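All remarks here apply to the structure that follows.
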Amino acid sequence: MALSSDLRVTLEGVSTATLTTVLLKKGLRNVWIRGAKPLRAGQGKFVGSAFTLRFVPAREDLATPASWASPISTRAAIEAMPDGVIAVVDAMGVTDAGIFGDILCARMAKRGVAALITDGVVRDIAGVEASGLPVWCQGVAAPPSVAGLTFVGWQEPVACGGVAIFPDDVIVVDDDGAVVVPAALVEAVAAEAVDQERMEAWIMQEVDRGVALPGLYPMNDETKERYQQFLNNA
């Protein structure tokens, strides 16, 4: 989905931890992409629409260096990426074949891709870091993608890190990893996440004052009344 600037700012102001809590309350448990860890510390936080890419196991007649020039290739997919998207790559958790290297990451950065999220690994680590593209992945491997994977397409549903990701779902990623917010729920989730963070900030103030946890977190009726008074006076 096309994120409005207001909605983007709202989501940038809440943590992925808060989002998983709000989504859990809505019945969505499987929203955190397993294996997508920050490639390096301090990469920041990003919000964007998912641009999906999918690999399947390598098949010898298809997974060849010649396939890189095919109309169905990672190169072609990158050229189709709009500015500001977050690339979400289903690599099936394979960790011995790097899905992207320095050149592809540099091109993604040049096209304005916000971040790369994958349950696989990257290669050419020094060049990937130099590209400036923020990456969340399982680590690094020297072999190219065709050593273990076949690229089959983009902008279709994928299973990245055990999570179903559909094109245009919203991805929020920070130091805790990447969370998917279904496109149809994003406005409601964003609003509730703001309320959740405001409540938890007040609870932290109470903890700093020395208030005991029972009845505070989660709130009992008395605490809820005190919190409502705080909101009324804010």
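The values are calculated or read from the model by the stated rules, or taken from the named source; none is laboratory data. From a predicted model like this one, the values you see are computed outputs, not experimental measurements. FYI the Cβ positions are ideal-geometry reconstructions off the backbone, even for glycines, and counts take in every protein chain you see. The protein model used for the area step is the full one, side chains on, heavy atoms only, and it has no ligands, DNA or RNA in it. Shrake-Rupley method; radii C 1.70, N 1.55, O 1.52, S 1.80 Å.
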**OP:** Could you work out which residue, out of Thr223, Thr64, Thr74, moves most in a Gaussian network model of the chain, that is, has the largest mean-square fluctuation with Cα springs under 10 Å?
**Re:** Thr223
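How much accessible area per residue does the chain have, in Å², with a 1.4 Å probe?
Accessible area per residue, the chain: 47 Å².
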Subject >> Highest average packing first - 97-108, 29-40, 203-214, Cβ atoms within 10 Å >> reply: 97-108, 29-40, 203-214
Original post:
Placing +1 at every Lys and Arg Cβ and -1 at every Asp and Glu Cβ, with all other atoms neutral, what dipole size does the chain have around its Cα centre, in debye to the nearest 20?
Top reply: 360
Subject >> Integer Hz, Karplus 6.51/-1.76/1.60 couplings in order for the range 47-55, x for Gly and Pro >> reply: 10, x, 6, 6, 10, 8, 9, 9, 10
Original post:
For the range 200-206, in order, what is each residue's ³J(HN,Hα) by Karplus, 6.51 cos²θ - 1.76 cosθ + 1.60 with θ = phi - 60°, in whole Hz (x at glycine and Pro)?
Top reply: 5, 5, 5, 4, 4, 4, 5
Original post:
In debye, nearest 20: dipole of the range 1-93 around its Cα centre with unit charges on the Cβ of K, R (+) and D, E (-)?
Top reply: 480
**OP:** For the range 155-234, just the Cα atoms, rotate onto the principal axes and tell me the three extents in Å, largest first.
**Re:** 49, 23, 19
**OP:** Could you check how much of the accessible area of the range 191-231 is carbon and sulfur, as a whole percent, using a 1.4 Å probe?
**Re:** 55
**OP:** Compute the Rg to Rh ratio over the range 133-181 from the alpha carbon atoms, using the Kirkwood formula for Rh, and round to two decimal places.
**Re:** 0.98
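Do you know the relative contact order of the chain, to the nearest whole percent, from alpha carbon pairs under 8 angstrom that are 6+ apart?
Reported as a whole number, the value is 29 percent.
With an 8 Å Cα cut-off and a minimum separation of 6 or more residues, compute the relative contact order for the range 147-234 in percent.
Over the range 147-234, the number comes to 12 percent.
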Original post:
For the range 17-60, rounded, prolate or oblate, judged on the Cα gyration tensor with a ≥ b ≥ c (square roots of eigenvalues), a/c < 1.5 rounded, else prolate if a/b > b/c?
Top reply: oblate
Original post:
For the range 52-153, what % of the accessible area comes from carbon and sulfur atoms, probe 1.4 Å?
Top reply: 58
Original post:
Given only helices, namely DSSP H runs of n ≥ 4 each adding -39500 (n - 2.57), what is the per-residue ellipticity at 222 nm of the chain, to the nearest 500 deg cm²/dmol?
Top reply: -10000 deg cm²/dmol
Original post:
Which translational diffusion coefficient, to the nearest whole µm²/s, is obtained for the chain from the Stokes-Einstein equation, given a Kirkwood hydrodynamic radius over C-alpha pairs, 20 °C and 1.002 mPa s?
Top reply: 113
Original post:
Kirkwood hydrodynamic radius (Cα pairs, Å) of the range 16-120?
Top reply: 15.4
**OP:** Could you give log10 I(q)/I(0) at q = 0.23 Å⁻¹ for the range 85-128, computed by the Debye formula over C-alpha point scatterers of equal weight, without solvent?
**Re:** -0.77
